[in-house]
Amino acid sequence: ETGVTQTPRHLVMGMTNKKSLKCEQHLGHNAMYWYKQSAKKPLELMFVYSLEERVENNSVPSRFSPECPNSSHLFLHLHTLQPEDSALYLCASSPDTGTHYGYTFGSGTRLTVV
Amino acid sequence: AQKVTQAQTEISVVEKEDVTLDCVYETRDTTYYLFWYKQPPSGELVFLIRRNSFDEQNEISGRYSWNFQKSTSSFNFTITASQVVDSAVYFCALSRSGGYNKLIFGAGTRLAVHP
């Protein structure tokens, strides 16, 4: 089991639904990230949190709403998504936001919007 | 601007062959970090190696080796005597020094190792 756990592993939702993705890390890390991985495209950074504070929003549409209630948990709330939002959503963590650290990734949530 | 290019979209080899995955990067920073990650079918990206821009020594870890050449802005990854378990998507990534820990990933290379 990795140190970063994401649930659910798979999610199918309609365009009018509201759902949430959950990420949990037990590594004592202070920084957490959401990435989007679409077919045929590079990994896209969506959000960066440091000590529960959002420090970067990479021009992500408002239909994606992140929440970080504490340094161990990160959520991605979804509403009125579009089919093009179907992708693998990966959560990652690192000790802090210093650039010499790599990330520890979760296994991702495979999202399908119908 | 920072950019990572992995020109090989897919590579197919037969078990026991050696294979090299190419990575070329662009950055104006003098201090930066380079990474390789492996993404098996299960989905999570597994950290393989981190290299800082001041350390051009090649590194070997078992069947894996990395060749970092600043002169050509390349950080290539070689798997010796490949195995079926090496089948995965491999990502090269670049991170700048200072500021937030933002990894810029290449598009990835899908490696298929056939028995």
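Restricting attention to segment B:67-115, the residues that are more than 14 Å from chain A (Cβ to nearest Cβ) and surrounded by fewer than 20 Cβ atoms within 10 Å (Cβ to Cβ) add up to 19. Applying the criterion of being of a type in the set (D, E, K, R) and part of a loop (DSSP other than H, G, I, E, B) to the residues of segment B:48-58, the residue that is least open to solvent (accessible area, probe 1.4 Å) is B:55. Quick check: is even one residue across segment B:59-66 loosely packed, with under 14 Cβ neighbours inside 10 Å and within 14 Å of another protein chain (Cβ to nearest Cβ)? No, because not a single residue in segment B:59-66 is loosely packed, with under 14 Cβ neighbours inside 10 Å and within 14 Å of another protein chain (Cβ to nearest Cβ).
None of A:112, A:104 is at pLDDT 90 or above, surrounded by 14 or more Cβ atoms within 10 Å (Cβ to Cβ) and out of contact with any Asp or Glu (no Cβ under 8 Å at 6 or more places or on another chain) except A:104.
If we scan segment A:81-101, do we find a residue that is over 25 Å from residue B:106 (Cβ atoms) and open to solvent by 30 Å² or more (accessible area, probe 1.4 Å)?
Yes, segment A:81-101 contains at least one residue that is over 25 Å from residue B:106 (Cβ atoms) and open to solvent by 30 Å² or more (accessible area, probe 1.4 Å).
Contact annotation: residue pairs with Cβ atoms under 6 Å, 6 or more positions apart or on different chains, pairing a residue in segment B:29-52 that is among the small types (Gly, Ala, Ser) with a partner that is open to solvent by less than 40 Å² (accessible area, probe 1.4 Å) and at pLDDT 90 or above, are B:42/A:107; B:43/A:107; B:43/A:108. Of the set (1) modelled with pLDDT of 90 or more; (2) part of a loop (DSSP other than H, G, I, E, B); (3) not β-branched (Val, Ile, Thr), all apply to residue A:67 but (2). Are any of the residues in segment B:70-82 within 30 Å of residue A:97 (Cβ to Cβ) and assigned to a loop (DSSP other than H, G, I, E, B)? So far as segment B:70-82 goes, yes, one or more of its residues are within 30 Å of residue A:97 (Cβ to Cβ) and assigned to a loop (DSSP other than H, G, I, E, B). The residues of segment A:67-98 include none that are more than 14 Å from chain B (Cβ to nearest Cβ), touching a Cys at 6+ places or on another chain (Cβ under 6 Å) and in contact (Cβ under 8 Å) with a residue 60 or more places away in the chain.
Only residues that are in a strand (DSSP E or B), open to solvent by 10 Å² or more (accessible area, probe 1.4 Å) and among the polar types (S, T, N, Q) were counted across segment A:19-64, and they come to 4.
Within segment B:1-38, can you find the residues that are within 11 Å of chain A (Cβ to nearest Cβ) and either among the aromatic types (Phe, Trp, Tyr) or in contact with a Lys or Arg (Cβ under 9 Å, 6 or more places away or on another chain) (or both)? Selection gives B:9, B:29, B:31, B:32, B:33, B:34, B:35, B:36, B:37.
The values are calculated or read from the model by the stated rules, or taken from the named source; none is laboratory data. This is a predicted model, so every value here is computed, not measured. Using ideal geometry, Cβ is built from the backbone for each residue, glycine included, and neighbour counts are taken over all protein chains shown. Side chains included, ligands, DNA and RNA excluded: accessible areas come from the protein's heavy atoms. Shrake-Rupley method; radii C 1.70, N 1.55, O 1.52, S 1.80 Å.
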